[in-house]
């Protein structure tokens, strides 16, 4: 009888409630009906909504926790429950998230501590060269596997043409040190004028790249070109100052947004 009484009021409310999208209304109906059913299951159901007390809600939330509902799900349910109770003039105190000891557990993002010359320790040649091109020239993965020595490798620079550039714009990256020269020389010898993707096959290249990342417990979807931005900041700042350094890094990496550069420098 008590369950029927609570349902009657709830059904009237749901019939008149027309705010929100269809999906939101459907979720609201589900939560309110679950509220009634689970109050009954807990075994402490008030005769009317006006007789509902904070301890009923606390027992209900304890039951939901015991049923392995996630804290985030319970918090979403309680948002709907509080709104419903307020609309039927059943205002209760001490049923906020803090009183119910509800909080979302935030997973801390693991910050990778990767040295810019980490690639030098890699055994497999093609993945090592791909990582080297990202770390030492600021290329994306796609750019790294599609550069051709006969077209893109110049005497004193690496020319990223618009047909392979991630933003379809030409850009030039100066060759500043012996490490860069050695990388480009090795690519020339390996690919014989072809790109890595053409020489080794796109799918095979992707496979060996992922295999090498897995070996060092590195994420598949991450771009490693930020290592170049950090290297260049360290190298250029004492020479040309902050403004020119950041402008040059953005130019060489094809970055328009200052936010993107900031993110790279703070990876």
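Every read-out reported here was derived from the displayed coordinates using simple, explicitly stated rules and does not represent laboratory data. Because the structure is a prediction, the values reported are computed rather than measured. So basically every Cβ, Gly included, is an ideal-geometry build from the backbone, and we count neighbours across all protein chains shown.
Computed quantities for the displayed model
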{"item": "Degrees, to the nearest 10: 2-16 long Cα axis against longest axis of the chain", "result": "60"}
{"item": "Tensor-based shape of segment 48-130 (alpha-carbon gyration tensor, a/c under 1.5 rounded, otherwise prolate or oblate)", "result": "prolate"}
{"item": "Cα long-axis angle, helix 125-137 against the chain (0 to 90 degrees, to the nearest 10)", "result": "90"}
{"item": "Contact order normalised by residue count of segment 161-257, Cα under 8 Å, 6+ apart, percent", "result": "29"}
{"item": "Mean Cα-pair separation over length for segment 2-87, i.e. relative contact order, pairs under 8 Å, 6 or more apart, %", "result": "35"}
{"item": "The chain: calculated mean residue ellipticity at 222 nm from DSSP helix runs of at least 4, using -39500 (n - 2.57)", "result": "-18500 deg cm²/dmol"}
{"item": "Protection proxy ranking of 16-28, 250-262 - average other beta-carbon atoms within 10 Å, highest first", "result": "250-262, 16-28"}
{"item": "Degrees, to the nearest 10: 22-42 long Cα axis against longest axis of the chain", "result": "50"}
{"item": "Segment 17-67 - Debye-derived log10 I(q)/I(0), Cα point model, q = 0.13, 0.26, 0.28 Å⁻¹", "result": "-0.37, -0.97, -1.03"}
{"item": "Relative contact order, percent, the chain [alpha-carbon distance under 8 Å, six or more residues apart]", "result": "15"}
{"item": "Förster radius 22 Å - calculated FRET efficiency between residue 161 and residue 260 (Cβ-Cβ, nearest 0.05)", "result": "0.55"}
{"item": "Kirkwood-based Rg to Rh ratio, segment 2-87, C-alpha trace", "result": "0.94"}
{"item": "Cα-Cα separations in segment 53-202 greater than 20 Å, expressed as whole percent", "result": "62"}
{"item": "Taking all pairs of distinct alpha-carbon atoms in segment 118-265, Kirkwood radius in angstrom", "result": "15.6"}
{"item": "Where N is the number of residues in the chain, Cα Rg divided by 2.2 N^0.38 Å", "result": "1.63"}
{"item": "Whether segment 147-197 is rounded, prolate or oblate, judged on the alpha carbon gyration tensor where a/c under 1.5 counts as rounded", "result": "oblate"}
